[in-house]
Each structure stands twice: as C-alpha cells, then as structure tokens.
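The values are calculated or read from the model by the stated rules, or taken from the named source; none is laboratory data. Just so it is clear, the structure is predicted and the values come from calculations on it, not from any experiment. Cβ coordinates were reconstructed from backbone atoms using ideal geometry, including for glycine residues, and neighbour counts include every protein chain displayed.
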Amino acid sequence: MVQAVRFDAEKHIYTNENNIRYTSATQLIGHYKQPFLEQYWSLYKAAQRVVQESKKSATWSQASRIIMQADKTETRLRQFLLAAYPAFFNKILHTQVVILQEWQETKDQACTKGTLFHNAREYEAYQLGYSILGNNELQGITQPKDRYTYDLAKLPDGYWPELLVFDHLEQTAGQIDRCWISTELVKPSTLNLVKQDGIYVWDTTDGPAIRYVDLDDWKTNKEIKKTNRYDKMQAPVAHLHDTNYWHYALQISIYGRMLERCGYTIRSTRFTHCLDDGTRIPYHTPYLRKEVTKLISDYRQKHGYNHSPESAPNPH
C-alpha cells in the first residue's frame, strides 16, 4: 500500500498519513548554514550608511578593518561605534531599525515573487503539455491522478513539474520544480553466442533498463554567489562555501538522493537563475550524494526521528 505524503503550503510542512512531520530539504540545509547575525550586521550596515553619508566618510575604511578583526558581537560593535562616532551614534541606532525594516520588506517581496513565479511556470507547463530537455528531447507532461498518493518508484516517463518527493525511512520530503524521467535500455558491451533451435547465433538482446532523471529548480534571487571568503558551512559539509549556490546544489542533491533510493539514476542536477528581464541562466551543479548522506545521518543523530505529531520539531 502506498503511503501518502502531503504538503501544507501555508505552513510549509510535509506530513504523512499519520500526521508525522517530515524534514524538508530547505529545513535540513538550514541547520548547517552559519547563523546570520542579524542584529550585528544591521548595526554594521547602519554605521556604514551613516558614516559614509557624513563628512567623515574617509574614516570608515579604517574603522571597518578594525571591526572585521574583532569578535562579531553586537555589544562589542556598539562600544566601538560609540567611541569612534559619538556624534553619530543615535543616528546609527535609528538607521539600524530602518535597515531591519528594509530587510524584512525585501524578504517578503522575494517570497511573494518566488511563489508567483513558480506558480506561473507550473501553469505554463500544464498549458503547453510538454517540456524540452537540454538535449532538445521533448517530453510530455505527466501527473498522477492523486497529486500526493503514488508510488515514487514507479513513475512513468515524462516531465514532472513540482514533483513531490519523499523518503519514508529517513523522514525527508521536498518538491522538485522540474523533473524529467526517461528509460533507456543498456546495449551489451560484448556479443555472446547463444544456442537457439540447435543453432548458435549472436545474442543481440538489450541489457537492463536504466531509469534516468534530470533535475532542475527555478531560483529568483537577486544574485547567485558561489564563494564566501568569510564563512564555510558547518560540519559535516564544512568544505563547502556558505553561499546560495552550494545551498541550492545540496537542495537539488537531496531530491536526487530520494529518487536514487527509489531506483532511479541521477543523470544531471542544476538550478536555473531567473532574472527580472526574462533572462534564464542555468547553473549545472555536482551531485553531492556523499555530502547529503552525511547531512541526513548527522541530522538524525542529533534530532532523532519523529514518532508522533507532538514530537515533530518546528520547521522554521
């Protein structure tokens, strides 16, 4: 019997039929990003804005170097700014509040923009009835009769927009913006003689079928960053830069691993950066199977598995 997994878009949570909450790909990755020091950096940006707009703008470069060498705590930064710029300190504190409001507005606008864009692309795909893969292979659109109840290991070939994927054993789930599934027969590397009706003939039978998947996610960020000279992610992926490029590479790899555990072969992973002017830039990413396996293992060792609705952690 196929067990359903459902997605609550308003709360952004995944649950199974017993209301057990699953860990989303974005939630999983969020545990291994470096924490963003919102109060610290908003105060830093406020000081930068106020000082650079003043007659002492030339002093900011030196002050910034001193700040970067010190511990990143809001208290220490406040003390430094009060001593360095006493005449501007109250204005800096006021500007910090303004900057925090600006950040929240930008975040809300980005979320709305991303949701509208994803919905439009999904609707567009169903209207067209097909999608074209990178090699110009046209694939018809496919959708299960019940959006949430289907055997993930037995999906028919085709293009699947907003495919909900899950792993019941590891209690993970997520939605892939674009997934292409295609089956190819493996040709034998050598020909063997077989006996048929008393006569030896060459065996030209095709080998086993391989079910390939190609994955892609839409991204509407202002920019894509691959390197970060200040921070790496937390162990066990501390070798990856703490940037949205690697966050997205991990995200698409988590989806890939769920499908791989259902018998599919991951042929390609990428995300597409969609700019406001209509430009779409594909970023082909490595399939980070080893990193994802370590992430999930580490996460479950620290947080365990959910056995009841009450034990589920907050997804945010």
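So which residues in region 9-19 are more than 18 Å from the chain's Cα centre (by Cα) and part of a strand (DSSP E or B)?
If we filter region 9-19 for residues that are more than 18 Å from the chain's Cα centre (by Cα), which is where we start, we get 10, 15-19.
Answer for region 9-19, where residues must be more than 18 Å from the chain's Cα centre (by Cα) and part of a strand (DSSP E or B): THR15, ASN16.
Is region 111-123 home to any residue that is out of contact with any Pro (no Cβ under 6 Å at 6 or more places or on another chain), modelled with pLDDT under 70, among the β-branched types (Val, Ile, Thr) and surrounded by fewer than 16 Cβ atoms within 10 Å (Cβ to Cβ)? It would help to see each step written out before you state the result.
Of the residues in region 111-123, the ones out of contact with any Pro (no Cβ under 6 Å at 6 or more places or on another chain) are 111-121, 123.
Imposing the further condition that a residue be modelled with pLDDT under 70 reduces the set to 114, 117-121, 123.
Narrowing the set further to residues that are among the β-branched types (Val, Ile, Thr) leaves none.
Checked against the condition, which is being out of contact with any Pro (no Cβ under 6 Å at 6 or more places or on another chain), modelled with pLDDT under 70, among the β-branched types (Val, Ile, Thr) and surrounded by fewer than 16 Cβ atoms within 10 Å (Cβ to Cβ), region 111-123 yields no hits at all.
Looking only at region 181-190, decide whether some residue is modelled with pLDDT of 90 or more and surrounded by 13 or more Cβ atoms within 10 Å (Cβ to Cβ). Working first, answer last.
Narrowing region 181-190 to residues modelled with pLDDT of 90 or more: 181-183.
Remaining after also requiring surrounded by 13 or more Cβ atoms within 10 Å (Cβ to Cβ): 181-182.
Yes, region 181-190 contains at least one residue that is modelled with pLDDT of 90 or more and surrounded by 13 or more Cβ atoms within 10 Å (Cβ to Cβ).
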* **region 229-266, residues that are touching a Lys or Arg at 6+ places or on another chain (Cβ under 8 Å) and assigned to a helix (DSSP H, G or I)** => ASN244, TYR245, TRP246, HIS247, TYR248, ILE252, SER253, GLY256, ARG257, GLU260
* To do: Kindly indicate whether any position in region 80-96 is among the small types (Gly, Ala, Ser), in contact with a helix residue (DSSP H, G or I) (Cβ under 9 Å, 6 or more places away or on another chain), assigned to a helix (DSSP H, G or I) and at pLDDT below 85.
  => no
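Among the listed residues GLN34, GLN39, identify the single one that is in a loop (DSSP other than H, G, I, E, B) and either at pLDDT 85 or above or within 25 Å of the chain's Cα centre (by Cα) (or both). Write out each step before concluding.
Numbers: GLN39 fails: in a loop (DSSP other than H, G, I, E, B).
Criteria check complete, one pass: GLN34.
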* To do: Collect the residues in region 1-16 that are in contact with a Ser or Thr (Cβ under 9 Å, 6 or more places away or on another chain), touching a residue at least 12 places away in the same chain (Cβ under 8 Å) and charged (D, E, K, R), keeping them in residue-number order.
  => ARG6
* Structure fact -> The one condition ARG261 fails out of (1) farther than 16 Å from LYS33 by Cβ; (2) within 14 Å of the chain's Cα centre (by Cα) is (2)
* Structure fact -> Of (1) more than 30 Å from GLY304 (Cα to Cα); (2) at pLDDT below 85; (3) of a type outside the set (A, V, I, L, M), GLU102 satisfies every one except (2)
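So if I check each of THR285, THR227, which one is out of contact with any Pro (no Cβ under 6 Å at 6 or more places or on another chain) and buried (at least 18 other Cβ atoms within 10 Å of the Cβ)?
Just a single option satisfies the conditions, and that option is THR285.
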* **Which numbered condition LYS226 fails, given (1) more than 21 Å from ALA110 (Cβ to Cβ); (2) at pLDDT 95 or above; (3) in a loop (DSSP other than H, G, I, E, B)** => (1)
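Is it fair to say ARG280 is at pLDDT 95 or above and either surrounded by fewer than 21 Cβ atoms within 10 Å (Cβ to Cβ) or among the charged types (D, E, K, R) (or both)? Break it down into steps so the answer makes sense when it comes.
Numbers: at pLDDT 95 or above: no; either surrounded by fewer than 21 Cβ atoms within 10 Å (Cβ to Cβ) or among the charged types (D, E, K, R) (or both): yes.
No, not satisfied.
Please tell me if THR293 is part of a loop (DSSP other than H, G, I, E, B) and either closer than 29 Å to THR15 by Cα or modelled with pLDDT of 95 or more (or both).
Values: part of a loop (DSSP other than H, G, I, E, B): no; either closer than 29 Å to THR15 by Cα or modelled with pLDDT of 95 or more (or both): yes.
No: the conditions fail for THR293.
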